[in-house]
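Novice: I'd like to ask you about the structure that follows.
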Amino acid sequence: MFMQDLMMVFMGLLFIFIGVLIGVAYLTLLERKLLGYIHFRKGPNKVGIIGILQPFCDAIKLFSKEQIYLIYSNFMIYYITPIFSFMLSLMIWVLLPYYFNLISFNVGLLFFFCCTKVKVYMIMFAGWSSNSNYALLGGLRSIAQTISYEVSLILILMSLIMLIMGFNMNLLKFYQSMIWFFLLMFPLMLMWFSSSLAETNRTPFDFAEGESELVSGFHIEYGGGGFALIFLAEYSSIMFMSMMMILLYFGGFSMIIFYLKLVFISFIFIWIRGTLPRYRYDKLMYLCWKIYLPVSLNFMIFFIGFMLLLK
């Protein structure tokens, strides 16, 4: 019986990982098509019907390119960092509370905190091990940005934890059966979304690769398979933060509507990239430490008082 349960868990995780990889592939295609239409041009439309096979061609091209080894790099860390980054971005998806996974974390939100913290080390190692000034500068800037917005993300989540009084992701669906949380905490939902943009290094907060002195950020020295793994990890993080937003504020997990909501939130990520100009770095830090931090703290204190009154 134990082996059957183990096999079911393994199959469930395999379905999640395959689904995430296919989802990431078509998220890149969706992004290129949408940005094309925003710019009044066609996106990829040559490979297959309306470019449907383009992501797989890109993957084959990237993974079949020759791997370049840097002479002065810290080779082992330089080589394995993209692999660990990709594994981490897949591992965090076990939090998805779908019905045939047989995994229910009682401390799922704590697991989310831990995985997002470890992601910072991947950025640091990728920038440092390349032994390039540009990669190091981009890595330092990404680390400062990611750590700053993790503080606001955790404090925003603390308000929700105070409401549901637990860390299990399944509780979110139970408590949102009557009213979605975004109606109760609309400012927190907007803060969560903009913090997600900063956490995933997306426009208008893509400073790691948006300055002339940084060239392409912490992954400037990566090419071929290493770049593809970092790219997959980044887009998997975008999908995961979209999923977290739905679980936290838009009714939790439900079989079909959940995926429509996931596509819609991912569409907003891309739409913002096509329309908003880049923010200024000092204003980004000001926004986090002087606006989001006090507001999220006040909301958390309010919800603690609210729960005490109910008792």
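Novice: Which angle between 0 and 90 degrees, to the nearest 10, do you get for helix 108-129 versus the longest principal axis of the chain when only C-alpha atoms count?
Specialist: 20
Novice: Subtract the Cα-Cα distance of residue 170 and residue 37 from 0.36 nm times their separation in residues, and report this length gain in nm to one decimal. Write out the running numbers ahead of the final one.
Specialist: On the way: separation 133, 0.36 × 133 = 47.88 nm, distance 3.82 nm.
Value of the extension gain: 44.1 nm.
Novice: Give, to the nearest whole percent, the P(r) tail of the chain beyond 37 angstrom, counting all Cα pairs. Before the final figure, lay out each step's value.
Specialist: On the way: 8285 of 48205 pairs.
Beyond 37 Å sits 17 percent of the P(r) for the chain.
Novice: Here's a follow-up. Compute the Rg to Rh ratio over the stretch 70-208 from the alpha carbon atoms, using the Kirkwood formula for Rh, and round to two decimal places. Before the final figure, lay out each step's value.
Specialist: On the way: Rg = 17.6 Å, Rh = 16.9 Å.
Rounded to two decimals, Rg/Rh equals 1.04.
Novice: Per 10 Å bin, what is the whole-percent P(r) computed from every C-alpha pair distance within the stretch 206-300?
Specialist: Per 10 Å bin, starting at 0, the Cα pair percentages come out as 13, 28, 39, 18, 2.
Novice: Considering lysine pairs in the stretch 2-310 that are 8 or more places apart or on different chains, how many have Cα atoms under 19 Å apart?
Specialist: Values: 33/42; 33/46; 46/61; 173/261.
So the count of such lysine pairs works out to 4.
Novice: For the chain, take the longest principal axis of its alpha carbons; what is the angle in degrees between that and the long axis of helix 293-310, to the nearest 10 within 0 to 90?
Specialist: 30
Novice: Further, regarding this structure: Just check the stretch 1-131 against the gyration tensor rule for me: Cα atoms, a ≥ b ≥ c as the square roots of the eigenvalues, rounded for a/c under 1.5, and otherwise prolate or oblate depending on whether a/b exceeds b/c.
Specialist: On the way: a/c = 1.93, a/b = 1.17, b/c = 1.65.
The shape class here is oblate.
Novice: So how do 39, 219 line up by other beta-carbon neighbours within 10 Å, fewest first? Kindly include the intermediate steps, with their values, before the conclusion.
Specialist: Working: 39 10, 219 26.
So the residues, fewest neighbours to most, are 39, 219.
Novice: Something else about it: Helix-only estimate, please: 222 nm mean residue ellipticity of the chain, summing -39500 (n - 2.57) across DSSP H runs of length 4 or more and dividing by its residues, to the nearest 500. List each step's numbers first, then the result.
Specialist: Details: 12 runs with 210 residues, N = 311.
So the calculated ellipticity at 222 nm is -23000 deg cm²/dmol.
Every number in this text was worked out from the coordinates using simple rules, so none of it is lab data. Predicted, not measured: the structure shown is a model, and the values here were computed from it. A quick note on method: Cβ atoms are made from the backbone with ideal geometry, for glycine too, and the neighbour counts reach across all protein chains shown.
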